[in-house]
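Just below is one structure, and these are the notes that go with it.
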Amino acid sequence: MIRANLLRGDRIWLTALNRADAPVMARWEYDNEYLRLMDSSPAHPRSEDEIVRWLDSLTKSQSDYTFGIRLIESDDLIGWAQLDGIVWAHGTTSLGIGIGNRNFWDHGYGTEAITLLLDFAFDELNLHRVHLTVFSYNARAIHLYEQLGFQREGIHREHIQRDGQRHDMLLYGILRHEWAAHQHR
């Protein structure tokens, strides 16, 4: 049976991102905590123009699927989710997600978005493995990934320095059959 709502959950849906989203995304860039959870680069806000250039580059990629996370009730953009660097020959990809609007942290929107993204990766793209990295200080994300069935596979010890302290970068992955088993629990 074909699923009618592949990219639509109960409260959010995954949509295309476009140039009109740049002002909203640029506001997220001024939240240093958000930036420090997303990337190992120094927290440096990107301008609207830089975000527009990034959004324009997404349409040219054959190995990335990037979505906006929008509320169904209002269509407001609250974050983004991405399958990045797909290696089609091996059926593998990296997952990234960011809930940019703090008002929507810790309310299950990330869980819903990743669930939709994993269903898309395994059911629509026919991928075999999805992996991700997360900093050891991001306890909320680690809890979420483990709750969804991701397995901790490795560690880059003392990979990042924040505020004079070294932190690990953890490696997580989930295979198609593990996701299917998790879904049927």
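The values are calculated or read from the model by the stated rules, or taken from the named source; none is laboratory data. Please read all numbers here as calculations on a predicted model, not as lab measurements. Glycine gets a Cβ as well: all are built from the backbone with ideal geometry, and neighbour counts include every protein chain shown.
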Specify the residue that is nearest to Thr115 (Cα to Cα); the eligible residues are those in segment 142-155 that are loosely packed, with under 15 Cβ neighbours inside 10 Å and touching a Leu at 6+ places or on another chain (Cβ under 9 Å). Gln151
So is Trp54 of a type in the set (Phe, Trp, Tyr), closer than 25 Å to Ala22 by Cα and surrounded by 15 or more Cβ atoms within 10 Å (Cβ to Cβ) or not? no
Could you please give the count of residues in segment 174-184 that are modelled with pLDDT of 95 or more and in contact with a Gly (Cβ under 9 Å, 6 or more places away or on another chain)? 4
If Ala121 meets every condition in (1) touching a Gly at 6+ places or on another chain (Cβ under 9 Å); (2) buried (at least 18 other Cβ atoms within 10 Å of the Cβ) apart from one, which number is that one? (1)
When the residues of segment 156-178 are narrowed to those that are of a type in the set (Lys, Arg) and over 22 Å from Leu127 (Cα atoms), which ends up surrounded by the most Cβ atoms within 10 Å (Cβ to Cβ)? Arg162
Can you report the number of residues in segment 88-144 which are at pLDDT below 95 and aromatic (Phe, Trp, Tyr)? 4
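Return yes or no: is Ile12 more than 25 Å from Arg176 (Cβ to Cβ) and in contact with a Gly (Cβ under 9 Å, 6 or more places away or on another chain)?
Values: more than 25 Å from Arg176 (Cβ to Cβ): no; in contact with a Gly (Cβ under 9 Å, 6 or more places away or on another chain): yes.
No, not satisfied.
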Can you tell me which of Asp84, Asp49 is surrounded by fewer than 18 Cβ atoms within 10 Å (Cβ to Cβ), under 30 Å from Glu178 (Cβ atoms) and either over 17 Å from the mean Cα position of the chain (by Cα) or not hydroxyl-bearing (Ser, Thr, Tyr) (or both)? Asp84
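Take the residues in segment 3-44 that are more than 26 Å from Gly108 (Cα to Cα) and of a type outside the set (S, T, N, Q), then tell me which one is modelled with the highest pLDDT. I'd like the intermediate steps shown before the answer.
Kept after step one, since they are more than 26 Å from Gly108 (Cα to Cα), are these residues of segment 3-44: 19, 41-42, 44.
Going one step further and asking which of them are of a type outside the set (S, T, N, Q), we end up with 19, 42, 44.
Details: Arg19: 91, Pro42: 72, His44: 77.
If we take residues in segment 3-44 being more than 26 Å from Gly108 (Cα to Cα) and of a type outside the set (S, T, N, Q), then Arg19 is modelled with the highest pLDDT.
Looking for whichever is in contact with a Ser or Thr (Cβ under 9 Å, 6 or more places away or on another chain) and either in a strand (DSSP E or B) or free of Cβ contacts under 8 Å to residues at least 60 places away in the same chain (or both) here; the options are His143, His177, His156. Which one fits? Spell out the reasoning first.
Working: His143 fails: in contact with a Ser or Thr (Cβ under 9 Å, 6 or more places away or on another chain); His177 fails: in contact with a Ser or Thr (Cβ under 9 Å, 6 or more places away or on another chain).
Step by step, each of His143, His177, His156 is checked, and only His156 is in contact with a Ser or Thr (Cβ under 9 Å, 6 or more places away or on another chain) and either in a strand (DSSP E or B) or free of Cβ contacts under 8 Å to residues at least 60 places away in the same chain (or both).
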